[in-house]
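First the structure, in the form of structure tokens, and then the observations on it.
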Amino acid sequence: MAPQNATFPLSAGILFGLGLGGFFDGIVLHQVLQWHHMVSSWYPIDSIANLELNTLWDGIFHSTTYVFVVLGLFILWRAAHRGHLFWSSRLLAGSLLIGWGLFNTVEGLIDHEILGVHHVNEPMPRDQWIYWDLGFLLWGAAMLAGGWLLVRSGRVEQGAARIPA
């Protein structure tokens, strides 16, 4: 039977999800596919100076996502040292999806729509950018919803584990 204070550290999973979402965006969209860079709408990659500036901001972005992962690891490590921690795959997967979904939603709204520093797929014609941006936001919302459902079912699972047999 798990004690009442041995809850799974959702904040760790959310921070991991934020970091993984950022790493996916930076590695896949910035580097592998080269669809955009951090400030490529403001400073298009049409000169070495702009490429260097975008690379710098990509590095700052990656550093931030790295900090999210380190903080998540720190929280998880501290929680793991408490006695009888309730481990749950649903809570871990759900909190990761919530974090990744938060990343996509917040980054998509702020960077793509409000500030316009870059858009998801800039090699496409400009009139199609909004569709890629909206797809990114919908992907984030779907991860948030799926994560919330998993966390909810994981909490039910956790509650059942506390009931003495």
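Of note:
- Counted residues, region 3-49 - those being among the hydroxyl-bearing types (Ser, Thr, Tyr), closer than 26 Å to residue 77 by Cα and open to solvent by 70 Å² or more (accessible area, probe 1.4 Å): 0
- In this structure, residue 74 does not satisfy being closer than 26 Å to residue 133 by Cβ, open to solvent by 30 Å² or more (accessible area, probe 1.4 Å), part of a helix (DSSP H, G or I) and in contact with a helix residue (DSSP H, G or I) (Cβ under 9 Å, 6 or more places away or on another chain).
- Test: residue in region 17-34 that is among the β-branched types (Val, Ile, Thr), under 27 Å from residue 153 (Cα atoms) and outside any loop (DSSP other than H, G, I, E, B): no
- Taking region 113-129 as the range and being in a helix (DSSP H, G or I) and within 14 Å of residue 35 (Cα to Cα) as the test, the residues that pass are 126, 128, 129.
- Unmet requirement for residue 52, which otherwise passes all of (1) of a type in the set (D, E, K, R); (2) surrounded by fewer than 17 Cβ atoms within 10 Å (Cβ to Cβ); (3) within 27 Å of residue 94 (Cβ to Cβ): (3)
- Index of the failed condition, residue 110 passing every other in (1) farther than 27 Å from residue 152 by Cβ; (2) surrounded by 13 or more Cβ atoms within 10 Å (Cβ to Cβ); (3) within 19 Å of the chain's Cα centre (by Cα): (2)
Results for (1) basic (Lys, Arg); (2) surrounded by fewer than 17 Cβ atoms within 10 Å (Cβ to Cβ); (3) modelled with pLDDT of 95 or more; (4) in a helix (DSSP H, G or I), shown as yes or no for each residue.
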residue: 58; (1), (2), (3), (4): no, no, yes, yes
residue: 62; (1), (2), (3), (4): no, no, yes, yes
residue: 78; (1), (2), (3), (4): yes, yes, no, yes
residue: 82; (1), (2), (3), (4): yes, yes, no, no
residue: 85; (1), (2), (3), (4): no, no, no, no
residue: 90; (1), (2), (3), (4): yes, no, no, yes
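- Output for region 121-165, where each listed residue is over 16 Å from residue 14 (Cα atoms) and modelled with pLDDT under 90: 156, 157, 158, 159, 160, 161, 162, 163, 164, 165
The values are calculated or read from the model by the stated rules, or taken from the named source; none is laboratory data. No experiment lies behind these values; they were computed from the predicted model shown. We place every Cβ from the backbone using ideal geometry, glycine too, and count neighbours over all the protein chains shown. Ligands, DNA and RNA are excluded from the accessible area calculation, which covers all protein heavy atoms including side chains. Shrake-Rupley method; radii C 1.70, N 1.55, O 1.52, S 1.80 Å.
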